[in-house]
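Where a number appears in this text, it was derived from the coordinates with a stated rule and is not lab data. None of these values were measured; they are calculated from a predicted model. Don't worry about glycine lacking a Cβ; one is built from the backbone with ideal geometry, like all the others, and counts go over all protein chains shown.
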Amino acid sequence: MPQIAHQYFLDHAQELKLDPKKIALWGYSSGGHTVSLYALTRSRKVQAVVSGGAPYDLTWYTHSPYVKAYTGFYRDDAFQTYIDASPVNHLSKATPPFFLYHALNDNLVEHSQTTSFESKLIINKTPVERYDIGFWGHGFAFAFSSKAIEMGVNYLEKKLK
């Protein structure tokens with residue numbers, strides 16, 4: 001889906017009054033995973049990514065029904081698929097800057113997914129900022145964290161100048 005949307009915006013940039021040199025992606029949870037993976041593997045035209053509550057390393061999940069629905073397999077039946085589908089395994093010199101946010105009380109996707117991914121971005125020398133939501137779990141953080149949204153918008157305004 002990000003590829004279709006991204007291509008649409010590139011193809012219609014003039015009529016939509018968009019600057020195709022200022023493209024950013026934003027997603028939460030599986031959407032955060034999707035936009036991160038897309039920016040890292042399919043597009044070198046994304047200037048920044050905002051991602052919240054996302055799983056960046058699918059190999060952590062041995063028997064997740066959610067990851068199985070996405071990949072078609074449990075981890076040990078298709079380990080390479082899990083590696084390939086994990087954004088954390090696709091960092092390069094071309095990795096765009098990231099703003100990450102995650103709820104400390106998230107019981108669906110561990111907060112440590114974000115701190116681990118952040119560490120890998122730092123090692124890769126990728127600009128990264130992180131905001132921790134000190135309350136709420138996975139769903140409420142998405143629906144009610146206006147501070148995370150505000151910080152993400154501010155981040156994009158800085159990165160897309």
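Please compute the contact order of the chain in relative form: average sequence separation of alpha-carbon pairs under 8 Å and at least six residues apart, divided by the residue count, as a percent.
Numbers: 261 pairs, mean separation 35.0, N = 161.
Relative contact order for the chain comes out at 22 percent.
Can you give the angle from 0 to 90° between the axis of helix 30-41 and the longest principal axis of the chain, with both taken from C-alpha atoms, to the nearest 10?
That helix lies at roughly 70 degrees to the long axis.
Give me P(r) over region 6-128, computed from all C-alpha to C-alpha distances, binned every 10 Å, as integer percentages.
For region 6-128, the pair-distance distribution reads 14, 43, 31, 12, 1.
For an R0 of 22 angstrom, estimate the FRET efficiency from the Cβ-Cβ distance between TYR74 and SER116 and round to the nearest 0.05. Numbers along the way, then the final one.
Values: r = 21 Å, r/R0 = 0.97.
For R0 = 22 Å, the calculated efficiency reads 0.55.
Tell me the angle of helix 111-123 to the major Cα principal axis of the chain, expressed in degrees between 0 and 90 and rounded to the nearest ten.
60
Tell me which residues come under 5 Å, amide H to amide H, from VAL50 once H is placed; ignore anything under 5 positions away on its chain.
Residues meeting the amide H criterion: LEU25, TRP26, GLY27, PHE99.
Restrict the search to region 52-161; then list the GluC sites (Glu not before Pro) that DSSP places in a loop and that have at most 16 other Cβ atoms within 10 Å of their Cβ. Show your work: numbers first, answer last.
On the way: sites: GLU110, GLU118, GLU129, GLU150, GLU157; in loops: GLU110.
Answer in residue order: GLU110.
Around LEU104, with a cut-off of 13 angstrom between Cβ atoms, what is the net charge of the other residues, counting Lys and Arg +1 and Asp and Glu -1? Could you put the intermediate results ahead of the total?
Values: positive: ARG130; negative: ASP106, GLU110, ASP132.
Once positives and negatives cancel, what remains is -2.
What's the lysine pair count for the chain at a Cα cut-off below 13 Å, pairs eight or more apart or interchain?
Step by step, the pairs that qualify in the chain add up to 9.
Show me 94-104, 12-22 ranked by packing, highest mean number of other Cβ atoms within 10 Å first.
Details: 94-104: 21.9, 12-22: 10.8.
Ranking, from highest mean packing down: 94-104, 12-22.
Ranked by Cβ crowding within 10 angstrom, fewest neighbours first, how are TYR28, TYR8, TYR131 ordered?
Numbers: TYR28 24, TYR8 11, TYR131 18.
The order, fewest Cβ neighbours first, is TYR8, TYR131, TYR28.
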